[in-house]
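To keep things clear, I will list the structure first and then write my remarks on it.
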Number of protein chains: 2
Amino acid sequence: MPPLKTRIAATARRLFLDQGVDGVSMRKIAGQVGVSATAIYRHYRDKDDLLDEITEDGFSIFRDYLTRAVSSGRAAERVRGLARGYLDFALDHPRYYDFIFIIPRHNVRRFPDEMARRDDLSFHLLVEQVRQAMSEGAFVAGDPSETALTIWAHVHGLTSLHRAGRFGANNDTFRALYNRSVERLFTGIEVPGEVNP
Amino acid sequence: MPPLKTRIAATARRLFLDQGVDGVSMRKIAGQVGVSATAIYRHYRDKDDLLDEITEDGFSIFRDYLTRAVSSGRAAERVRGLARGYLDFALDHPRYYDFIFIIPRHNVRRFPDEMARRDDLSFHLLVEQVRQAMSEGAFVAGDPSETALTIWAHVHGLTSLHRAGRFGANNDTFRALYNRSVERLFTGIEVPGEVNP
DNA sequence: GTCTATAGGTGGATAGAC
DNA sequence: GTCTATCCACCTATAGAC
């Protein structure tokens, strides 16, 4: 039998994955572990302390998805890979996605300074691929973190609408829609105008 | 003194605007109106019935913003106007914005069929401007509702990130960022490639 | 470290008297 | 129509015994 703290954490995570963050309560955890609710407080200062672990799990999985997605090809292809990785994470781990990206949190990192820091691997990764794509001449020149923000906002907008049920329950249908929308972002929706004086 | 139902509705709305939807409870409303909590049930079937009114208020204000924003110029300009109107609504009425677009709701309209219906004025308005812009040759030809979705997802992504505190509290800074990002969506972020066989 | 007992709080909703 | 009295279902967290 693993230590109690481990069992508490595992039970909290299972409750979270089954029912979302609102389904996590000290009483439920205690009931399923088979101890009294107060016993948890010997191992965690309070509920936030417990949820922080879940948050870290989520970010860790998210980073894995992005890191894997960025492996190959030219910079522009790697950016497309990151967009796919973002979606894959959301479809494979919807509870974590909701918790990290939709449900309001305290202490969010702010654009651009706090997010461009080297230790925020996820956004930093995107910015660096965008910078690379710009220097290869594949992307329109500009501020890499602003263009990265545009991409991030776009994939976040699409994905959060999907999570809100706007596209029905079929993930494959949504994936195709998502990819087409990302391509439209890449190529633009407006026909380039005549050069007007 | 207005009828009790009117006072209940007004108090509920004020609580909602002050504290968000979580700040609305039957007890609080009753306390502020000066009646018992149970009295409310003579006028509203249950709490959802009350919140439906607030939802309707929000949509009504939202429609006003879009209708006003779409008035003038060529179709592409009107689409830009709609993007601005969306942002203006979110900045002027953040509680309604959160309630309508971020907090999960039941019975959302789905893309594309339910949303393209003539009576969903807001999305329909956008689709029609996009269709017009395409037929003027200003927008890249395609399915108008898909391009409209791309625009909607983009402005929603940016705005919901702002509402989550990702850009700090300064609305003017965000507005400038938002406009630049929308322009990048219009023109595309990728340099048009050589025509490859 | 874990327990019982308890404090102290939120909330929605109903029965039946007036 | 409105009240009081209640029921019910939750929740976080602490004190102090063992």
Quiz item: What relative contact order, as a whole-number percentage, does chain B give when Cα pairs under 8 Å and 6 or more residues apart are counted?
Solution: 16 percent
Quiz prompt | Residue with peak Gaussian network fluctuation, chain A [Cα springs, cutoff 10 Å], from A:VAL182, A:VAL35, A:VAL21 | solution = A:VAL35
Quiz item: How many Cβ atoms of partner chains, on average, are near each residue of B:126-132 if near means within 10 Å of its Cβ?
Solution: 0
Quiz prompt | log10 of Debye I(q)/I(0), alpha-carbon scatterers only, for chain A at 0.14, 0.17, 0.19 Å⁻¹ | solution = -0.88, -1.14, -1.31
Quiz prompt | For the protein assembly as shown: lysine pairs under 21 Å (alpha-carbon distance), excluding those fewer than 8 apart on one chain | solution = 6
Exercise. List the distances, in nm to one decimal, from the label point of B:ARG117 to the label points of the same position in every other copy, shortest first, placing each label point 7 Å from Cα along the Cα-to-Cβ direction.
Key: 4.8
Quiz item: Relative to the other copies, what are the label-point distances for B:VAL140, with labels 7 Å from Cα along the C-beta vector, expressed in nm at one decimal and sorted shortest first?
Solution: 1.1
Quiz prompt | Amide H contacts of B:PHE139 (H built 1.01 Å from N, under 5 Å, at least 5 apart or other chain) | solution = A:VAL191, B:MET134
Exercise. Quote to one decimal, in nm, the extra length available between B:ASP52 and B:SER25 on full extension: 0.36 nm per residue of separation minus the C-alpha distance between them.
Key: 8.3 nm
Quiz item: What is the mean projected area of the alpha carbon convex hull for the protein assembly as shown, to one decimal in square nanometres?
Solution: 24.8 nm²
Quiz item: Shortest first and in nm to one decimal, what separations exist between B:ARG45 and its copies in the other chains, measuring from label points 7 Å along the Cα-to-beta-carbon line?
Solution: 4.7
Quiz item: Classify segment A:1-44: rounded, prolate or oblate, from the alpha-carbon gyration tensor (a ≥ b ≥ c, eigenvalue square roots; a/c under 1.5 rounded; otherwise prolate if a/b is larger than b/c)?
Solution: prolate
Quiz item: Can you run phi through the Karplus equation (6.51, -1.76, 1.60; θ = phi - 60°) for segment B:134-146 and list ³J(HN,Hα) in whole Hz, with x for Gly and Pro?
Solution: 5, 6, 7, x, 7, 10, 4, 4, x, 7, x, 6, 6
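The numbers here are math on the coordinates, done by the rules we state, and not lab data. Bear in mind that the values here come from a model prediction, so they are computed numbers and not experimental data. Glycine also receives a Cβ, built like all others from the backbone with ideal geometry; neighbour counts cover every protein chain displayed.
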